[in-house]
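Below is one structure, written out as structure tokens; comments come after it.
The values are calculated or read from the model by the stated rules, or taken from the named source; none is laboratory data. Keep in mind that what you see is a predicted model, and the values were worked out from it rather than measured. Ideal geometry is used to build each Cβ from the backbone, glycine not excepted, and the neighbour counts take in all protein chains shown.
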């Protein structure tokens, strides 16, 4: 189905239908439907269960990854949507009760085994990642899976946003990702990998205005605006060493890296549209570049 004949990005009316020319949701599908239907690309949302300040729910990253996936995959023939992996590598937030993390090493193994099994029935897999701390595990897993000859890809939720001064900067929708160190589930991990070299004052790193606005658009009843107060607002470069050494709580007692004040559902919907359009472009590239035939 051409892009011209698919629902526009953001239209989720058909995203949960397991049959027909829509993206099948595996959780509600039956195996004969999957076997008989077109299978070209399996999409797996990947999030976390970690503190997001006193005002956002712990599963914020997962919800955003799932929502963007559903919007972008709606109406795509041969694209299947798996249930999310909802607990990732979040050791940097381990000092906050409620956070659950399986660590980088365990997450790597999970993704490798998932990719191996998925390749039995799907010619390619795409991870839609909503949490920066998952990046090292994703990179290691994809490296091994590709060495084994499997088609595995990743898309990280990231947006273009203008700070108050109007300069152009790139921030991750789920958090600004900073260099990681290896750790298991019982040790603290620092997220990795989005690099912003254009702006010296990226402060919306975690649970700030970006995530708060998006959650106001997705689930306003789960956002406690009365508790949405600024946390640590210094540039990420100024707090990097302490984040690496001690984790988020030492730097920001309330868990916020940024300032959520001024957030709005309207702004959140615009951000969701940007994310959906970016993932839609990635999906189009993958599904039109000649994926291998589905496994027999």
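Would you say residue 95 is part of a helix (DSSP H, G or I), surrounded by fewer than 23 Cβ atoms within 10 Å (Cβ to Cβ) and either at pLDDT 95 or above or under 16 Å from the mean Cα position of the chain (by Cα) (or both)? Can you show your working first?
On the way: part of a helix (DSSP H, G or I): no; surrounded by fewer than 23 Cβ atoms within 10 Å (Cβ to Cβ): yes; either at pLDDT 95 or above or under 16 Å from the mean Cα position of the chain (by Cα) (or both): yes.
So residue 95 fails the test.
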| residue 152 is checked against (1) crowded, with 24+ Cβ neighbours inside 10 Å; (2) touching a residue at least 60 places away in the same chain (Cβ under 8 Å) and fails just one. What number does that condition carry? | (2)
| remark: Note on the stretch 75-92: residues modelled with pLDDT under 95 and either assigned to a loop (DSSP other than H, G, I, E, B) or under 16 Å from the mean Cα position of the chain (by Cα) (or both) are 75, 76, 77, 78
| Can you name the residue in the stretch 214-225 that is in contact (Cβ under 8 Å) with a residue 24 or more places away in the chain and in a helix (DSSP H, G or I) and is also surrounded by the fewest Cβ atoms within 10 Å (Cβ to Cβ) among such residues? | 220
| query | Do you know which residues across the stretch 241-273 are over 27 Å from residue 227 (Cα atoms) and either touching a strand residue (DSSP E or B) at 6+ places or on another chain (Cβ under 7 Å) or surrounded by 18 or more Cβ atoms within 10 Å (Cβ to Cβ) (or both)? | reply | none
| task | Filter the stretch 54-72 down to the residues that are farther than 24 Å from residue 278 by Cα and out of contact with any strand residue (DSSP E or B) (no Cβ under 8 Å at 6 or more places or on another chain), then identify the one that is surrounded by the most Cβ atoms within 10 Å (Cβ to Cβ). | result | 56
| Number of positions in the stretch 104-134 that are farther than 22 Å from residue 289 by Cβ and surrounded by 24 or more Cβ atoms within 10 Å (Cβ to Cβ) | 8
| query | Are any of the residues in the stretch 160-176 modelled with pLDDT of 50 or more, surrounded by fewer than 19 Cβ atoms within 10 Å (Cβ to Cβ) and either in contact with a helix residue (DSSP H, G or I) (Cβ under 8 Å, 6 or more places away or on another chain) or in a helix (DSSP H, G or I) (or both)? | reply | yes
| task | Could you please let me know if residue 238 is closer than 19 Å to residue 62 by Cβ, in a helix (DSSP H, G or I) and either modelled with pLDDT under 95 or over 16 Å from the mean Cα position of the chain (by Cα) (or both)? | result | no
